[in-house]
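Heads up, the thing below is written out as structure tokens.
The values are calculated or read from the model by the stated rules, or taken from the named source; none is laboratory data. Keep in mind that this is a model prediction, so the values were computed, not measured. Here the Cβ positions follow ideal geometry from the backbone for every residue, glycine too, while neighbour counts run over all protein chains shown.
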């Protein structure tokens with residue numbers, strides 16, 4: 001392969017992994033198994049080792065996936081919250097031990113082996129025994145503040161239990177996983193089935209989607225669970241080993257893993273992993289692997305970490321579970337961008353605890369590569385309890401009746417002739433008015449992560465498209481009340497509520513509109529970065545490649561060449577430019593982000609530190625108001641601190657402020673400052 005082909009292959013792989021990152025971390029809707037995702041990342045890493053000149057600093061092989069979403073306040077971890085390197089190989093697991101043997105010069109290293117729980121990573125912070133914060137991993141440096149949602153988890157105490165052997169530390173971050181038990185997942189799906197609603201795919205996705213609801217009342221309706229097993233920032237130190245830390249977590253009354261295994265050396269590790277494998281199906285939660293950690297916290301610190309993962313730990317993932325069944329038919333789904341995805345309709349088979357009747361075949365090239373035919377007996381895989389996929393054909397069972405599948409030359413929905421873009425494997429329906437595409441574009445556009453229009457569910461969207469009232473996004477803002485009332489599914493009150501929600505969305509934040517357009521590779525975080533940089537849809541639409549990439553460097557942090565080309569390519573399409581104009585003509589006037597200190601400069605040059613619980617405002621709300629008035633919010637008290645805003649149960653920051661003579665104010669005084677009436 002020549003250098004140009006290698007560079008192109010790397011760019012395509014990087015874009016593919018970035019797409020799966022967005023689906024997994026932000027949307028909680030993965031479309032490939034963990035095994036396939038890990039294979040893609042490893043393939044990309046191999047390319048980057050072979051051609052380091054084309055590796056990028058922000059490559060997904062060296063970064064922690066970002067789960068942050070709109071609507072949540074970002075909170076910085078006091079100690080980075082990394083992900084884990086992983087392997088499916090016993091040989092690589094033993095090689096992990098040998099690397100540490102070489103580092104420390106000894107064979108008899110002690111480890112702890114824990115179940116790897118398939119959920120959403122979380123960090124909870126206790127100050128003087130009191131629960132004060134819960135944050136998702138985010139990008140490893142900062143995550144979404146989900147404190148109010150986590151407080152609905154019944155098994156998580158808000159106050160640590162007193163321990164005579166070990167008093168609470170002043171502050172401690174404890175890392176863990178939020179999950180749904182298999183029984184609760186089945187209960188929720190059974191209720192949805194009885195109501196005629198679509199079923200959720202798996203417990204992990206549902207748990208991740210639930211904890212990111214903006215309304216804690218909705219979160220409380222689902223019985224989320226939490227398990228805690230990792231130590232983050234801690235002052236003062238409370239443990240010298242992982243085993244010691246597990247004992248403390250239990251003493252404090254926190255939920256933790258029900259089983260873990262001490263192990264010594266490579267043989268001990270493998271024996272513990274095998275014991276876990278034999279037990280894992282009896283656990284109440286999904287377990288897709290084992291986590292191996294050095295027991296000594298001192299040796300952990302000495303081993304250090306890479307930008308993405310600690311060197312003292314590794315995740316061993318169990319091989320994906322498989323079952324054999326027959327393909328009865330192959331159907332095709334049409335996606336939001338017109339991509340045709342083939343789906344195998346299977347003879348139902350029990351796999352990983354649930355009945356599987358459909359499996360993705362990805363694309364026509366995959367069908368050809370595996371020589372999959374209608375009537376074949378195939379192996380179906382459901383790694384990590386995500387969407388099943390056909391991995392192999394049992395050729396010994398193939399009969400003359402098995403038919404080679406002919407991929408449709410026309411869209412199965414609108415009958416338009418399909419096309420294949422030069423750089424793609426997938427076939428597409430080029431008809432942007434195809435009802436299937438319109439439905440999916442509209443569903444994305446009105447979702448919580450975009451314009452967040454309440455009342456536009458799947459059934460309503462189907463009706464709007466079927467009636468021909470919405471053929472493109474701008475049509476949404478032209479809906480007539482008298483038409484909606486004829487659907488017979490909504491009384492006048494709910495119809496008026498829907499129209500009011502649509503009208504309110506016309507003045508949404510700019511990033512929501514950018515994300516709602518569905519530009520390839522552009523997720524929530526990138527949409528926010530674009531809105532902050534360009535500040536107007538017209539400026540973004542007129543941007544050229546050099547506005548994103550200059551002298552081979554990114555002008556906007558996080559926007560690389562692949563994304564830049566996708567953005568400029570999107571707006572070069574006349575139809576897309578026409579749609580932007582039509583949205584404006586329909587009254588869509590998105591709001592640009594307010595620059596810091598633009599709303600006010602009352603607190604310009606002033607630094608605030610917040611501590612304790614305020615009577616009315618949350619800390620995040622107070623911080624937002626301070627920053628909007630030009631002030632700065634810091635996490636630590638120093639001589640440069642202007643004010644410490646203290647509420648009930650203020651901790652050591654209040655003591656530090658008194659020691660340094662920093663002015664301490666309450667919420668009422670902050671309000672006076674914001675109103676321009678404060679005396680300090």
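The table that follows gives values for the structure above.
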| read-out | value |
| --- | --- |
| Condition met for residue 96 (more than 27 Å from the chain's Cα centre (by Cα) and either over 30 Å from residue 298 (Cβ atoms) or part of a helix (DSSP H, G or I) (or both)) | yes |
| Residue 40 being modelled with pLDDT of 80 or more, under 21 Å from the mean Cα position of the chain (by Cα), over 15 Å from residue 521 (Cβ atoms) and not in a loop (DSSP other than H, G, I, E, B) | yes |
| In segment 481-507, the residues that are closer than 20 Å to residue 579 by Cα and out of contact with any helix residue (DSSP H, G or I) (no Cβ under 7 Å at 6 or more places or on another chain) | 503, 504, 505, 507 |
| Every pair of residues 6+ apart whose Cβ atoms lie under 6 Å, when the first sits in segment 182-207 and is under 18 Å from residue 223 (Cβ atoms) while the second is assigned to a loop (DSSP other than H, G, I, E, B) and at pLDDT below 65 | 189/199; 192/199; 202/386; 205/28 |
| Failed criterion for residue 291 (all others in (1) under 19 Å from residue 123 (Cα atoms); (2) over 25 Å from the mean Cα position of the chain (by Cα); (3) surrounded by 19 or more Cβ atoms within 10 Å (Cβ to Cβ) hold) | (2) |
| The one condition in (1) at pLDDT below 95; (2) assigned by TED's automatic domain parsing to the domain that holds residue 395 that residue 281 fails to fulfil | (2) |
| All positions within segment 489-528 that are touching a strand residue (DSSP E or B) at 6+ places or on another chain (Cβ under 8 Å) and part of a helix (DSSP H, G or I) | 510 |
| Within segment 38-52, tally of residues that are without any contact (Cβ under 8 Å) to a residue 12 or more places away in the chain and surrounded by 17 or more Cβ atoms within 10 Å (Cβ to Cβ) | 0 |
| Some residue of segment 479-498 being closer than 26 Å to residue 213 by Cα, surrounded by 14 or more Cβ atoms within 10 Å (Cβ to Cβ) and at pLDDT below 85 | yes |
| Candidate set from segment 541-558 (those that are in contact (Cβ under 8 Å) with a residue 24 or more places away in the chain and in contact with a helix residue (DSSP H, G or I) (Cβ under 6 Å, 6 or more places away or on another chain)); member that is surrounded by the fewest Cβ atoms within 10 Å (Cβ to Cβ) | 558 |
| Members of segment 539-562 that are closer than 17 Å to residue 513 by Cα and either at pLDDT below 90 or in a strand (DSSP E or B) (or both) | none |
| Qualifying residue in segment 100-118 (condition: in a loop (DSSP other than H, G, I, E, B), in contact with a helix residue (DSSP H, G or I) (Cβ under 8 Å, 6 or more places away or on another chain) and modelled with pLDDT of 95 or more) | yes |
| Residue check for residue 631: buried (at least 20 other Cβ atoms within 10 Å of the Cβ) and out of contact with any helix residue (DSSP H, G or I) (no Cβ under 6 Å at 6 or more places or on another chain) | yes |
| Those strands (runs of 3 or more DSSP E) lying entirely in segment 618-677 with at least 1 residues closer than 26 Å to residue 72 by Cα | 632-634, 643-646 |
| Any chance residue 149 is within 18 Å of the chain's Cα centre (by Cα), in a helix (DSSP H, G or I) and over 14 Å from residue 227 (Cα atoms) | yes |
